[in-house]
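Just below is one structure, and these are the notes that go with it.
The values are calculated or read from the model by the stated rules, or taken from the named source; none is laboratory data. If you're wondering where the values come from, they're calculated on a predicted model, not measured in any experiment. Here the Cβ positions follow ideal geometry from the backbone for every residue, glycine too, while neighbour counts run over all protein chains shown.
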């Protein structure tokens, strides 16, 4: 019998009625012949409430105790979920992370999964139970409760699907699937039927925010087919899977915009081996996450070096750079916090020419000036003026026909 | 170093401020040189809220899942308690029942403790930690979470004190200690300095409701000295301990009244061996708890048999009796639900005469008619008319000077 993992996020189990609806889905899957494993998050805003409770007791709570506290949210949901199924006449049993040996390292609040004990789950599945597992949580070697960080229930679900060799991992959420662009910013965006792990990883890191990146990495590594779909209806959502040949025919799968970036430029840096390394080592030490790096030679021994980071890190980043300005013999420093980054992502770029040209032409036609450009194998990003950001996203989406399903594009 | 177990009930940890106050007490004890183990209940009405959540999902929730759900209440408290201590600069670590191997049978919702793993606790105590253990919960051999039933945190605390060979088990609660009678019913009642396990067991079963009977039985069995005291002040409360010689000088330690009883009488039952057994076997089968049983011979072959039970069980009990009326050849059945039972308890009764006389005289002087009388080695109970109940309690308390500390009595 095929195993199906179903993950329900906090909004999908927020109250008794929603828990019963979610339980009904699990029951349907069982009736269709699947062995069903449910992974559930904490109800609604429970986690936020618990964090508030902790901060009231201690503004700087120890992380081990934080994990002990937060893990109760998921434990409550899974027991209620099992009760709901039992109320429908379906045998059901709930487990904490510890009970199924969801073993992690001991990095409290952001633990990494190391292994999962599947025997107990398979035993119960084979006895006809639907098994409900608390997401987001694990246990270290000493039996201390750990959590996987925000969005960690997605990771729990995909990791369980991998360990159980599930046919699929369904992620039920409050959106219909993954869209070609954020519908709040590009209202004509359409739902994608499928997308590759690599594409959604690029989109996630660019702020599309549909799923936790770590869960996608897990899925990619262990070949878990992920179906992101709505908990409110039965429509097909978006399948996240390995690249299939037809994906190559699609130039661009999705487009995103990021407005919370800032850029720092170092003008006329000595172009010596190790200088760039020095800059980014010091930024890393100050715990500043650098997004894109651009370096261009301006002469035989001088280069311009610039990078982007979160706007909230700009002040700290500037201090780091000013402190080391003389070390790298930099003539001037400039800072921009009025930028937006528009990106297009698609595995089709690997084998097709003309994506960049089409992108630049769309921006030029709309009279949007491009500050700088960075690319990866399946992504092209342009930094533009913040005031042009929304327009830029719209013309780029239009240019790549992201308002149409794949089969209706030219 | 001596170990001290401190148990805080739900009202003593209801909010952040109360948790910090309770944590302050634990810290003080640590500063006095104790190795401190805290046992905490769920905050305020958390358990009631969780029960309501469960019933909303399933009016008849499976007990295993109920325990999974309810155990989260205590887990939340202990993590918050540890955070509070850490905030005061004190090393602290919280544990679930499972983490310290609080092993129980698998009678969900009313599990019995079988053994406790003390190594992990002692390791942490020896490293200078205050250890906080979730009360009310344990784990069975298969790793399923169990709970000990309402009031089970008292049992957790006393059992831990026994396992850790603690010098004392302090039970912090919202009353100052154990009173000679319920102050709401006998306002002149005074706090007892000490009381024996046997006495408080009689008082608890008579509805004094200070502590869970099972925890007292544990204390008695394993010689745990229990100190019931207020979480709101530093006054000495009541010490519950083995009988000491000076207790024998006290005729009566406390008096109680129960008003939620009913009485059923079987008139002129055939006085044959096995008839009483038949009656009570059938009542037990109907899950009716019988309090007192009184049988009196009325002739060589006939007896009157009566018993008391909770008023809420009266309807069921009556049905059982009516069904078997002919089997025991009973002439008539009578029922009373307008009764109160007034009891006095004291180990001094064992070696002193005159307690019964004094009791009956006090009631007679107050013109209270006695319906029936039952006794144990350290208890005398009188059933009186419900309308006379409060007066009866008062005159009995006055007669035994329960409004005065022991050393001021005649």
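Laid out as a table, the results:
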quantity	calculated
Complete set of residues in the stretch B:46-63 that are within 17 Å of residue A:24 (Cβ to Cβ) and outside any loop (DSSP other than H, G, I, E, B)	B:56, B:57
Output for the stretch B:319-332, where each listed residue is under 29 Å from residue B:257 (Cα atoms), out of contact with any helix residue (DSSP H, G or I) (no Cβ under 6 Å at 6 or more places or on another chain) and surrounded by 15 or more Cβ atoms within 10 Å (Cβ to Cβ)	B:321
Residue match in the stretch B:30-45 (condition: in a helix (DSSP H, G or I), free of Cβ contacts under 8 Å to residues at least 12 places away in the same chain and either away from every other protein chain (no Cβ under 11 Å) or touching a strand residue (DSSP E or B) at 6+ places or on another chain (Cβ under 8 Å) (or both))	yes
Matching residues in the stretch B:170-188 - criterion: being touching a helix residue (DSSP H, G or I) at 6+ places or on another chain (Cβ under 6 Å), farther than 19 Å from residue B:345 by Cα and in a loop (DSSP other than H, G, I, E, B)	B:174
Residue that is surrounded by fewer than 24 Cβ atoms within 10 Å (Cβ to Cβ), out of contact with any strand residue (DSSP E or B) (no Cβ under 7 Å at 6 or more places or on another chain) and facing chain A (nearest Cβ under 7 Å), where the choices are B:53, B:48	B:53
Number of the exception - residue A:93 against (1) without any contact (Cβ under 8 Å) to a residue 40 or more places away in the chain; (2) over 24 Å from residue A:163 (Cβ atoms); (3) in contact with a helix residue (DSSP H, G or I) (Cβ under 8 Å, 6 or more places away or on another chain); (4) within 14 Å of chain B (Cβ to nearest Cβ)	(2)
Unmet criterion (only one of (1) buried (at least 24 other Cβ atoms within 10 Å of the Cβ); (2) in contact with a strand residue (DSSP E or B) (Cβ under 8 Å, 6 or more places away or on another chain)) for residue A:64	(1)
Considering residues of the stretch B:189-211 that are part of a loop (DSSP other than H, G, I, E, B) and farther than 22 Å from residue B:394 by Cβ only, the residue modelled with the highest pLDDT	B:193
Every residue from the stretch A:135-165 that is surrounded by fewer than 24 Cβ atoms within 10 Å (Cβ to Cβ) and either within 18 Å of the chain's Cα centre (by Cα) or more than 14 Å from chain B (Cβ to nearest Cβ) (or both)	A:149, A:150, A:151, A:162, A:163, A:164, A:165
Filtered residues of the stretch A:82-107 (kept if within 26 Å of the chain's Cα centre (by Cα) and not in a loop (DSSP other than H, G, I, E, B))	A:95, A:102, A:103, A:104
Lone unmet requirement of (1) in a strand (DSSP E or B); (2) without any contact (Cβ under 8 Å) to a residue 40 or more places away in the chain for residue B:382	(2)
Some residue of the stretch B:63-80 being in contact (Cβ under 8 Å) with a residue 60 or more places away in the chain, closer than 24 Å to residue A:43 by Cα and more than 26 Å from the chain's Cα centre (by Cα)	yes
